[in-house]
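**Q** Here you go, one structure.
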Amino acid sequence: MKKLVIPGVLLSLFIFVGCPNKKNTNNPECMTAEKAKTLYEPIRNDDTKRCSTMEVLERHMAKSPNLESKMKAIEKQCEAFIQLRKSGKANDLDRITIPTVVHVIYSKNEENICSSQIASQIKVLNQDFTKTNTDITQIPEEFSTISADVKIRFELDTIIRVSSTRAEWGTNDQMKFSSNGGSDAIDSSKHLNIWVCNIGGGILGYAQFPGDNASTDGIVVSPQFFGTEGSASAPFDRGRTTTHEIGHWLNLRHIWGDGNCSVDDFVDDTPVSDGPNYGCPTYPTVRCNTNNITMNYMDYTDDACMYMFTQGQKNRMRAVFAIGGPRESFAKTSIQ
C-alpha cells in the first residue's frame, strides 16, 4: 500500500493517488451526480442513522475509565468560560483558523473523491461556521435572534490518499491507523483530521468529543455525504453531515440531548426535544411542548433543511479553545 501526503498549497499543482498494483492517476476525476445515483442506494431520510457519535463515545468510555472524569472537567471549564463570556470578561480570540487534514481511504474509484469535492466541503464549513450560508435567511423569526456566527474558519492543509481492499470500515476507528490499512492522524493537537471512507451500515458519519484519545481524534464521513459535488448524494449533498460532526468535535450534543424531554444538551437557547427530526419538517414542529429548532445543524434533518447554530452553541464551541480548554492549542497558533 502506498500513501502520499500532499500539502494544501500544492493541491492545485499536484494530487497523486497511491494504489498497489494499479495505475496511479493525477487528480481523480469528479463523479457526476447522475453516476452517483447509479452507484449508491437511495437514502431513506425518515429513519437514517445520521450519526453514531454517541455510540462511539459509550464504547470509548467503557475502554477508558478516565474519559468520563476528563469530560466532566471539560464541562466545568466550559461552564466557567460561558459565565465569563456572558459577563464580557472572557479572554477570547476574534476568529480561529483550524488547519484541516482530509484522509481519503478508498477501495473503489468512486470513493476516491476528487479535489473539487473536498474543496466544496471546506467551502460549506467556512459558510456554516461564519453564518454566511445563503440559506440562513430561512430561519423562522422565533429563532433568528439567536443564530450565531461562530467565527471559526477551516483551512485545507493536507490531503492523504490511501488505497485499501476493505469495503466497509464501521465505527471502531480502524480507518485511523495505517497498521490496519487506514491512515494515521496528523498531529491532532494542531489539525482537525477528517477521514472520508465508506463506514457502512447506513451511517453517515461520527465524531470524537474533546478529551478523548489523541490518536483517534477527528471525524469520519462516508464519501457520498461529503461536500456538494462529485459523489455527494441527496438528500445529504450539501455538506451538512461534516458540519454536524464537527459540532460534536467542538463539544456539541444533539439538540434532544440523546434522551427524553428531561435530558439536556447543555445549551440554554435550544428548545427541549425528545428525539431527532427527519426530512424537512414544517414549522412549527412541537415536541416536549416547545417549538423544535429543527433547522439546527445538530438535528437529523435533511441537509437542505438545517442551516444554523445558536449563540449558546457558539459559547460551548468557543469554550474548547479558551485557556484550559481541550483544544486550546488551536487558539495558540490561530491568527486573529
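The values are calculated or read from the model by the stated rules, or taken from the named source; none is laboratory data. Just so we're clear, the structure is a prediction, and the values are computed from it rather than from any experiment. Don't worry about glycine lacking a Cβ; one is built from the backbone with ideal geometry, like all the others, and counts go over all protein chains shown. Protein only, heavy atoms only, side chains kept; ligands, DNA and RNA dropped before computing areas. Shrake-Rupley method; radii C 1.70, N 1.55, O 1.52, S 1.80 Å.
**Q** In whole Å, what are the extents of the stretch 132-208 along the principal axes defined by its C-alpha atoms, from largest to smallest?
**A** Here the Cα extents, ordered largest to smallest, are 50, 30, 20 Å.
**Q** For the chain, calculate the relative contact order in percent as a whole number, restricting contacts to Cα pairs under 8 Å that are 6 or more residues apart.
**A** Once divided by the residue count of the chain, the mean separation gives 23 percent.
**Q** Okay, moving on. I need the semi-axes of the equivalent ellipsoid of the stretch 61-148: take the C-alpha gyration tensor, multiply each eigenvalue by 5, square-root it, list largest first in whole angstrom.
**A** Each semi-axis is √(5λ); the values are 31, 26, 14 Å.
**Q** A follow-up question, please. Ignoring ligands and nucleic acids, what accessible area does Val101 show with a 1.4 Å probe (Å², nearest 10)?
**A** 0
**Q** Could you size up the charge dipole of the stretch 66-136 around its Cα centre, putting +1 on the beta carbon of Lys and Arg and -1 on that of Asp and Glu, and report it in debye to the nearest 20?
**A** Charge dipole, the stretch 66-136, about its Cα centre: 320 debye, nearest 20.
**Q** Step through the table entries Lys35/Lys108; Lys190/Lys332; Lys151/Lys314; Lys131/Lys190; Lys151/Lys332; Lys131/Lys314, compare each Cα-Cα distance with 19 Å, and write down the pairs that go over it.
**A** Lys131/Lys190
**Q** Please report, in Å, the Rg and the Dmax of the chain, where both are computed over Cα atoms only.
**A** Cα-based Rg and Dmax for the chain come out at 19.2, 61 Å.
**Q** By its C-alpha gyration tensor, with a ≥ b ≥ c as the square roots of the eigenvalues, how is the stretch 137-284 shaped: rounded for a/c under 1.5, else prolate for a/b larger than b/c, else oblate?
**A** The shape class here is prolate.
**Q** To the nearest 10 degrees, how steep is helix 53-63 against the longest Cα principal axis of the chain, on a 0 to 90 scale?
**A** Orientation of helix 53-63: about 90 degrees from the principal axis.
**Q** What's the FRET efficiency of Thr38 with Thr130 using the Cβ-Cβ distance as r and R₀ = 35 Å, to the nearest 0.05?
**A** For R0 = 35 Å, the calculated efficiency reads 0.45.
**Q** Quick one: putting +1 on the C-beta of Lys and Arg, -1 on the C-beta of Asp and Glu, what dipole do you get for the chain around its Cα centre, in Debye to the nearest 20?
**A** 980
**Q** Something else now. Helix 67-87 against the longest principal axis of the chain: what's the angle in degrees, Cα atoms only, rounded to the nearest 10?
**A** Taking Cα atoms only, the helix is inclined about 60 degrees.
**Q** Kirkwood hydrodynamic radius (Cα pairs, Å) of the stretch 171-250?
**A** 12.8
**Q** May I pose another question? Can you give the Rg to Rh ratio for the stretch 216-336, taking only C-alpha atoms and Rh from Kirkwood?
**A** 1.00
**Q** Return one number: the angle in degrees, 0 to 90 and rounded to the nearest 10, between the long axis of the Cα atoms of helix 240-249 and the longest principal axis of the Cα atoms of the chain.
**A** Long axis of 240-249 versus the principal axis of the chain: about 70 degrees.
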